[in-house]
Amino acid sequence: MRLLLPKPEPDWARWRDGLAGVGVEPILIDPWQLEWLDETPAQRSLWLELDQFSGVICVSRRAAEALVSALDRYWPMPPARLHWLCNGPATASVLAAADLPVQFPESDNTAEAVLALPQTRDVALQKWLIVKGEGGRSVFAQTLQQRSAEVTETAVYRRALRAEALADLSRQRDQADAILVSSLTLAQGLVQQDAGWQDWPGRWLFSSPRLLDWARDVGIEGENTGGAALNAVTHHLR
């Protein structure tokens, strides 16, 4: 199987190595243009007050990198007794390399699975920090607030789709048997950029039920891999 993989370039080696054992040839294309946001005085104050939080959730590997960088600047020793959470092993590896006791869902690497962890269930009156990119979903904040937590979101990067990468994905699709999509922004961008995707006969693999629901709404048949992480995808393809 030849699998189109729209993934950030720093993740390519890990995907190549992981898919080699399941007979999948990845076609790797980085669809994202990433811009780190300048640290504001308010954000600096937030980093300095990390010890006032009960938990921190990093929504992506890039968010984890920004958090670790802040810890390096402001905390010779990371604050204790915090829950350090994320949705999957790639993001967790960044936090673990900084000696943080990170926790994440064992199987379903989605925001909904993080919100089903014991650490995020009984959070009334607790303070939680969400480290994320600009825009994007607010499911963490909304759900924790519904559970009576005090939630702060901080954006550390901005990302946008590269038009040339979307065109490259369209050119490569006839050489591929399947595509893995783990971002609604990417899924919408593909279909808006090239209507031919809706008639493409290849397999659509989606990393969450939410993305699968979107696909069905626009007339695309797909499969849920059970997560965006490498282990979830390889298990699905075996």
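The rows are residues; the columns are (1) assigned by TED's automatic domain parsing to the domain that holds Leu230; (2) within 15 Å of the chain's Cα centre (by Cα); (3) modelled with pLDDT of 95 or more.
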residue: Gln43; (1), (2), (3): no, no, yes
residue: Gln52; (1), (2), (3): no, no, yes
residue: Arg62; (1), (2), (3): no, yes, no
residue: Glu65; (1), (2), (3): no, yes, yes
residue: Ala70; (1), (2), (3): no, no, yes
residue: Ala90; (1), (2), (3): no, yes, no
- Task: May I ask you to list the residues in the stretch 78-91 that are surrounded by fewer than 21 Cβ atoms within 10 Å (Cβ to Cβ) and part of a strand (DSSP E or B)?
- Result: His83
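Quick one: count up the residues across the stretch 116-139 that are among the aliphatic types (A, V, I, L, M) and closer than 23 Å to Glu65 by Cβ. Give the steps one after another, and end with the answer.
Of the residues in the stretch 116-139, the ones among the aliphatic types (A, V, I, L, M) are 116-117, 123-125, 129-131, 139.
Checking the rest, the ones that are also closer than 23 Å to Glu65 by Cβ come to 117, 129-131, 139.
Number satisfying all stated conditions: 5.
Taking the condition closer than 25 Å to Arg137 by Cα and either in the same structural domain as Pro105 (by TED's automatic domain parsing) or of a type in the set (A, V, I, L, M, F, W, C) (or both), does Leu237 pass?
Against the criterion (closer than 25 Å to Arg137 by Cα and either in the same structural domain as Pro105 (by TED's automatic domain parsing) or of a type in the set (A, V, I, L, M, F, W, C) (or both)), Leu237 does not qualify.
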- Select from the stretch 153-171 the residues that are surrounded by 15 or more Cβ atoms within 10 Å (Cβ to Cβ) and touching a residue at least 60 places away in the same chain (Cβ under 8 Å) and list them in ascending order. Thr154, Ala155, Val156, Tyr157, Arg159, Leu161, Arg162, Ala165, Leu166, Asp168, Leu169
- Task: Output the residues belonging to the stretch 134-157 that are within 23 Å of Trp32 (Cβ to Cβ), modelled with pLDDT of 95 or more and not hydroxyl-bearing (Ser, Thr, Tyr).
- Result: Phe140, Ala141, Glu153, Ala155, Val156
- Scan of the stretch 80-133 for residues that are within 12 Å of Ser60 (Cβ to Cβ) and charged (D, E, K, R), ordered by number: Lys132
- For Ile27, work out the one condition from (1) of a type in the set (A, V, I, L, M, F, W, C); (2) assigned by TED's automatic domain parsing to the domain that holds Val102; (3) touching a strand residue (DSSP E or B) at 6+ places or on another chain (Cβ under 7 Å) it doesn't fulfil. (2)
- Query: Does Trp214 satisfy the condition of being in a helix (DSSP H, G or I), outside the structural domain of Ala111 (by TED's automatic domain parsing), free of Cβ contacts under 8 Å to residues at least 60 places away in the same chain and over 27 Å from Leu115 (Cα atoms)?
  - Reply: no
- Query: Counting only residues that are surrounded by fewer than 19 Cβ atoms within 10 Å (Cβ to Cβ) and not in a helix (DSSP H, G or I), how many does the stretch 54-77 have?
  - Reply: 4
- Message: Of everything in the stretch 123-152, what is loosely packed, with under 12 Cβ neighbours inside 10 Å, of a type outside the set (A, V, I, L, M) and touching a residue at least 24 places away in the same chain (Cβ under 8 Å)? Give them in sequence order.
- Response: Ser148
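The values are calculated or read from the model by the stated rules, or taken from the named source; none is laboratory data. Remember, it's a predicted structure, so these values are computed and weren't measured experimentally. Heads up, the Cβs are rebuilt from the backbone with ideal geometry, glycines too, and the neighbour counts pull from every protein chain shown.
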